[in-house]
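The values are calculated or read from the model by the stated rules, or taken from the named source; none is laboratory data. The structure presented is a predicted model; accordingly, all values stated were derived computationally and were not measured. Note: ideal-geometry Cβ built from the backbone for every residue, glycine included; neighbour counts use all protein chains shown. For accessibility, only protein heavy atoms count, side chains too; no ligands or nucleic acids. Shrake-Rupley method; radii C 1.70, N 1.55, O 1.52, S 1.80 Å.
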Amino acid sequence: MAMLIQYTPEGAGIKLVLAKQRITIGRDSGNDISIDDDLVSKLHAVLEAVPVTDGEGRVEYYLQDQDSTNHTYVNDERIRLRKLQNGDMIRIGMNNFRFVDEDEGNLGETAKLRKTWIPGVFVKKK
């Protein structure tokens, strides 16, 4: 299971499970992850699970900046598009997240993705 762990100033971690194929992150309340921070753009970044074409049901996670004003950083490096690795630190505005992929991209038998006839839409295999 992949997740983002948001670190608060007190050091506590808030776990945000990545249960969708495409997660929007930004200041607007319509985003999947809404961040109340003036340094965060309305639509700041998108995190997407992309199926690997190896036939094993694995996915890779990509984070893409959406031309935000204050940019998106992974491991203190400004990014436009970046394939995430387990343990990467993501900074959006004044917010820090650790990307955790406990299964290293393996969704397991119950969570394999399959493409539907609708462009860009994936569902879990049963």
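Expressed as a whole percent, the accessible surface of the stretch 49-98 that belongs to carbon and sulfur atoms is 40, based on a 1.4 Å probe.
Please report the net charge: other residues with Cβ closer than 12 Å to the Cβ of I23, K and R +1, D and E -1. Cβ neighbours under 12 Å give a net charge of 0.
When only the Cβ of Lys, Arg, Asp and Glu is charged (+1, +1, -1, -1), the dipole of the stretch 1-100 relative to its Cα centre reaches about 120 debye. Put simply, the amide H of L18, placed in the peptide plane, has neighbours under 5 Å in A2, M3, L4, leaving out anything fewer than 5 places away on its chain. For the stretch 76-88, putting each phi into the Karplus relation 6.51 cos²θ - 1.76 cosθ + 1.60 with θ = phi - 60° gives couplings of 6, 10, 5, 10, 10, 9, 8, 6, 8, 10, 3, x, 4 Hz, in residue order, rounded to whole numbers and with x for Gly and Pro. The amide H of H44, built 1.01 Å from its N in the peptide plane, has I25, G26, R27 as neighbours under 5 Å, considering only residues 5 or more places off or on other chains. Near S34: Cβ cut-off under 9 Å, other residues only, Lys/Arg at +1 and Asp/Glu at -1. The net charge is -2.
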